[in-house]
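The values are calculated or read from the model by the stated rules, or taken from the named source; none is laboratory data. The structure presented is a predicted model; accordingly, all values stated were derived computationally and were not measured. Positions of Cβ are generated from backbone atoms using ideal geometry, with glycine treated the same way; all protein chains shown enter the neighbour counts. Surface areas here come from the heavy atoms of the whole protein model, side chains and all, with no ligands, DNA or RNA. Shrake-Rupley method; radii C 1.70, N 1.55, O 1.52, S 1.80 Å.
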Amino acid sequence: MAAEYMHIGIPVTTKKPNMVYNKALKFWVNTDVDAYDYKIEYLKFDEGTPFPEIMHKNPHVAYKVDDMTLYLEDADSVIFEPYLLDEHTRLAFIIKDDAIIELFEVK
């Protein structure tokens, strides 16, 4: 298993500049985390988002992985099942050792 750090995700209650809306998942996000020296992804969740409530109030750490299968099996729990973003990319959220972790897989 090899994971590459991507960003920390911080939920906010008010929109920040340059956030874009993801209509399918009902949330706002700044898409260019590399514009911040600290690689922060801000998220604002709208009512009806499929993301679990725990993510609305707690930060997460994101990792790029080649294959998320082993990470999903090793998780204490899966809080957001693997979601296909496009034909090459999927994401999931897990809890491991009391931390929320985003798994971002690119094939």
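Out of the range 1-92, which trypsin sites (Lys or Arg not before Pro) are coil in DSSP terms and have no more than 16 other C-beta atoms within 10 Å?
Values: sites: LYS15, LYS23, LYS26, LYS39, LYS44, LYS57, LYS64, ARG90; in loops: LYS15, LYS23, LYS26, LYS39.
Passing sites in the range 1-92 are LYS15, LYS23, LYS26, LYS39.
Taking a virtual spin label 7 Å from the Cα of THR31 along the C-beta vector, which residues in the range 82-97 bring their backbone nitrogen under 18 Å of it?
84-91
Carbon and sulfur together cover what percent of the accessible area of the range 26-107 at a 1.4 Å probe radius?
Values: 2420 of 4830 Å².
Of the solvent-accessible surface of the range 26-107, carbon and sulfur hold 50 percent.
What whole number of Å gives the distance from the Cα centroid of the range 58-78 to the Cα centroid of the range 1-39?
With the range 1-39 and the range 58-78 each reduced to a Cα centre, they are spaced 17 Å.
With +1 on the Cβ of every Lys and Arg and -1 on the Cβ of every Asp and Glu, and nothing else charged, how large is the dipole of the chain about its Cα centre, in debye rounded to the nearest 20? Show your work: numbers first, answer last.
Numbers: 11 positive and 20 negative charges, 114 e Å.
Dipole about the Cα centre, nearest 20: 540 debye.
What range in the chain is the longest one free of chymotrypsin sites (Phe, Trp or Tyr not before Pro) that are in a loop by DSSP and have at most 15 other Cβ atoms within 10 angstrom? Present the calculation step by step, with values, prior to reporting the outcome.
Details: sites that count: TYR36, TYR38.
Excluding the exposed sites themselves, the longest stretch runs over 39-107.
For the residue pair GLU87 and MET1, what label-to-label distance in nm results when each label sits 7 Å from Cα along the Cα-to-beta-carbon direction?
3.1 nm
Would you tally the net charge around LYS64, using a Cβ to Cβ cut-off of less than 14 Å, leaving LYS64 out, and scoring K and R as +1, D and E as -1?
Numbers: positive: LYS39, ARG90, LYS107; negative: GLU4, ASP34, GLU41, ASP66, ASP67, GLU102, GLU105.
Counting the neighbours of LYS64, the net charge comes to -4.
How much accessible area per residue does the chain have, counting only protein heavy atoms and a probe of 1.4 Å, in square angstrom? Before the final figure, lay out each step's value.
Values: 6640 Å² over 107 residues.
Per-residue value: 62 Å².
Quick check on the chain: of the DSSP beta bridges with both residues there, what percent are antiparallel, nearest 5%?
Working: 27 of 36 bridges.
If we restrict to bridges inside the chain, about 75 percent are antiparallel.
Under the rule of at least 5 residues apart or a separate chain, name every residue whose amide H is placed under 5 Å from the amide H of LYS96.
HN-HN under 5 Å from LYS96: ASP76, ILE101.
Report the calculated FRET efficiency for SER77 and ILE10 (r = Cβ-Cβ distance, R0 = 22 Å), to the nearest 0.05. Don't skip to the end; give the middle numbers.
Details: r = 21 Å, r/R0 = 0.96.
In this case the efficiency is close to 0.55.
With an 8 Å Cα cut-off and a minimum separation of 6 or more residues, compute the relative contact order for the range 38-104 in percent.
Worked out over the range 38-104, it gives 32 percent.
Taking amide H positions as placed in the peptide plane 1.01 Å from N, state which residues far from PHE80 in sequence (5 or more) or on other chains have amide H under 5 Å from it.
Here PHE93 satisfy the definition.
Please give the solvent-accessible surface of GLU53 in Å², to the nearest 10, using a probe radius of 1.4 Å with every protein chain present.
Accessible surface of GLU53 is approximately 110 Å².
With θ taken as phi - 60° and the coefficients 6.51, -1.76 and 1.60, list the Karplus ³J(HN,Hα) couplings across the range 59-67 in order, rounded to whole Hz; mark glycine and proline as x.
Along the range 59-67, the couplings run x, 9, 10, 10, 10, 8, 10, 6, 8 Hz.
In the structure displayed, which of LYS16/LYS44; LYS23/LYS44; LYS26/LYS57; LYS23/LYS96; LYS23/LYS64 lie more than 20 Å apart, Cα to Cα?
Working: LYS16/LYS44 9 Å; LYS23/LYS44 12 Å; LYS26/LYS57 16 Å; LYS23/LYS96 28 Å; LYS23/LYS64 23 Å.
Table pairs above 20 Å Cα-Cα are LYS23/LYS96; LYS23/LYS64.
Quick one: which residues, 5 or more positions from GLU41 or on another chain, have an amide H under 5 Å from its amide H? H modelled 1.01 Å from N in the peptide plane, none for Pro or chain starts.
For GLU41, the qualifying residues are ILE8, GLY9, ILE10.
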